[in-house]
1. In the range 20-46, what residues are at negative phi, touching a Leu at 6+ places or on another chain (Cβ under 8 Å) and assigned to a loop (DSSP other than H, G, I, E, B)?
2. Can you tell me which residue is nearest to ARG209 (Cα to Cα) among those in the range 187-197 that are open to solvent by 20 Å² or more (accessible area, probe 1.4 Å) and in a helix (DSSP H, G or I)?
3. Within the range 150-186, how many residues are open to solvent by less than 10 Å² (accessible area, probe 1.4 Å) and either farther than 12 Å from LYS207 by Cα or among the basic types (Lys, Arg) (or both)?
4. Considering ARG197, ARG138, ARG163, ARG180, which residue is at pLDDT 90 or above, charged (D, E, K, R) and touching a Leu at 6+ places or on another chain (Cβ under 8 Å)?
5. So for the range 71-83 (the condition being part of a loop (DSSP other than H, G, I, E, B), open to solvent by 50 Å² or more (accessible area, probe 1.4 Å) and touching a residue at least 12 places away in the same chain (Cβ under 8 Å)), does at least one residue qualify?
6. Enumerate the pairs (first residue in the range 151-170 and in contact (Cβ under 8 Å) with a residue 60 or more places away in the chain; second residue anywhere and open to solvent by less than 30 Å² (accessible area, probe 1.4 Å) and β-branched (Val, Ile, Thr)) with beta-carbon separation below 8 Å, excluding pairs fewer than 6 apart on the same chain, so at least 6 apart or on different chains.
7. Take the residues in the range 2-60 that are open to solvent by 50 Å² or more (accessible area, probe 1.4 Å) and touching a residue at least 40 places away in the same chain (Cβ under 8 Å), then tell me which one is farthest from ALA141 (Cα to Cα).
Amino acid sequence: MRRSFAVALERYGYRVETAEDGLAGLEAFRGGEFDLLVLDVMLPGLDGIGLCRRVRESSLVPVLMMSARGDGLDVVAGLEAGADDYVVKPVETFVLVARIRSLLRRATYRQAPEEGTALVFDGLRIDTAAMEVSLDGRPVALTPTELKLLLEFAARPGVVLERHTLLRNVWDYGWDGDSRVVDLGVQRLRGKIGRDRIETVRGFGYKFRR
């Protein structure tokens with residue numbers, strides 16, 4: 001499967017480097033520069049979830065997790081470990097490519113400099129031109145997905161954003177997307193900017209406090 005996906009992605013124009021187990025993947029990651037990682041949960045040695053945690057110790061590179069259990073603990077564990085999104089095996093190549101393109105768009109998302117302004121919310125400063133976030137003067141390191149999620153909230157403070165709206169605007173999902181990626185994304189974002197800044201509105205979604 002690893003070889004077949006590598007060949008398929010190369011046909012789409014991507015440069016691909018593969019590793020047969022988690023430890024080899026970690027070594028390759030530390031020795032190179034990558035725009036995105038695709039990690040299988042069931043890697044031998046160091047599994048994909050453990051590898052994701054190790055990567056997140058030093059990098060905000062987008063991570064796409066592959067799981068054989070779409071409704072199991074693997075999905076939640078992968079997202080909690082820092083993955084930005086996931087796909088369930090078996091997965092068609094065009095689906096995998098679509099998720100990769102979505103993650104890369106988030107990683108390269110920029111506002112035009114002339115449109116950029118600094119948004120400040122009680123010590124939380126969001127520079128929408130430089131795409132930098134600070135809390136009480138200290139930089140906050142956010143993954144591309146976390147940053148885009150924060151920008152979505154900050155653009156409409158005090159407004160309840162439904163999960164399907166966030167799935168569409170942040171993750172590029174339609175109505176059939178898994179809302180768990182939103183819940184875990186919000187949970188990770190809260191851990192970095194303060195848990196009280198994003199309010200859960202039961203039965204609807206989330207609201208960013210002014």
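1. Correct list: ASP21, ASP35, LEU36, LEU43, LEU46.
2. ARG190
3. Initial filter on the range 150-186 (open to solvent by less than 10 Å² (accessible area, probe 1.4 Å)): 150, 153-154, 161, 166-167, 170-171, 181-182, 185-186.
If we keep only those that are either farther than 12 Å from LYS207 by Cα or among the basic types (Lys, Arg) (or both) as well, we get 167, 170-171, 181-182, 185.
Residues that pass the stated criteria total 6.
4. Result of the check over ARG197, ARG138, ARG163, ARG180: ARG197.
5. First, pick out the residues of the range 71-83 that are part of a loop (DSSP other than H, G, I, E, B): 71-72, 82-83.
Restricting the remaining residues to those that are open to solvent by 50 Å² or more (accessible area, probe 1.4 Å) gives 71.
Add one more test, that the residue is touching a residue at least 12 places away in the same chain (Cβ under 8 Å), and what stays is none.
No - not one qualifying residue is present in the range 71-83.
6. VAL170/THR145; VAL170/VAL182
7. For the range 2-60, the residue satisfying everything is TYR12.
The values are calculated or read from the model by the stated rules, or taken from the named source; none is laboratory data. Being a predicted model, the structure only gives us computed values, none of them experimental. All Cβ positions, glycine included, derive from the backbone under ideal geometry; neighbour counts span all protein chains shown. For the accessible areas, the whole protein counts, side chains as well, though only heavy atoms, and no ligand, DNA or RNA atoms are used. Shrake-Rupley method; radii C 1.70, N 1.55, O 1.52, S 1.80 Å.
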